[in-house]
């Protein structure tokens with residue numbers, strides 16, 4: 001494979017230098033506007049009194065119908081948001097690895 005051309009300073013793409021962020025400068029200084037996340041919009045819609053209650057009923061109806069057909073993704077997502085995601089590994093009390101010690105017991109069985 002051929003290597004990218006370099007300029008005298010050793011940069012692989014010197015023409016991109018003017019488009020890079022300066023050190024300590026954020027690419028998105030204002031951040032995402034408050035209240036625009038899906039979660040914020042969902043909370044707003046669900047808190048709209050009777051209309052929110054109808055929306056909740058509709059969501060539950062759809063989710064139950066899907067679950068009865070074997071699709072539990074909705075419920076998995078909701079439970080992960082409410083109870084936290086189930087850990088993928090077993091960890092010790094400090095969050096680190098877990099040491100397991102196996103001991104073998106030699107036993108003789110008496111037979112008639």
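Of all the criteria given as (1) surrounded by 10 or more Cβ atoms within 10 Å (Cβ to Cβ); (2) within 29 Å of residue 86 (Cβ to Cβ), the one not satisfied by residue 52 is (2).
Of the residues making up the stretch 32-88, those that are in a loop (DSSP other than H, G, I, E, B), under 22 Å from the mean Cα position of the chain (by Cα) and at pLDDT 85 or above are 71, 72. What do you reckon, is residue 46 surrounded by 12 or more Cβ atoms within 10 Å (Cβ to Cβ) and either closer than 30 Å to residue 98 by Cβ or out of contact with any helix residue (DSSP H, G or I) (no Cβ under 6 Å at 6 or more places or on another chain) (or both)? No.
The values are calculated or read from the model by the stated rules, or taken from the named source; none is laboratory data. All values reported here derive from a predicted model rather than from experimental measurement. Don't worry about glycine lacking a Cβ; one is built from the backbone with ideal geometry, like all the others, and counts go over all protein chains shown.
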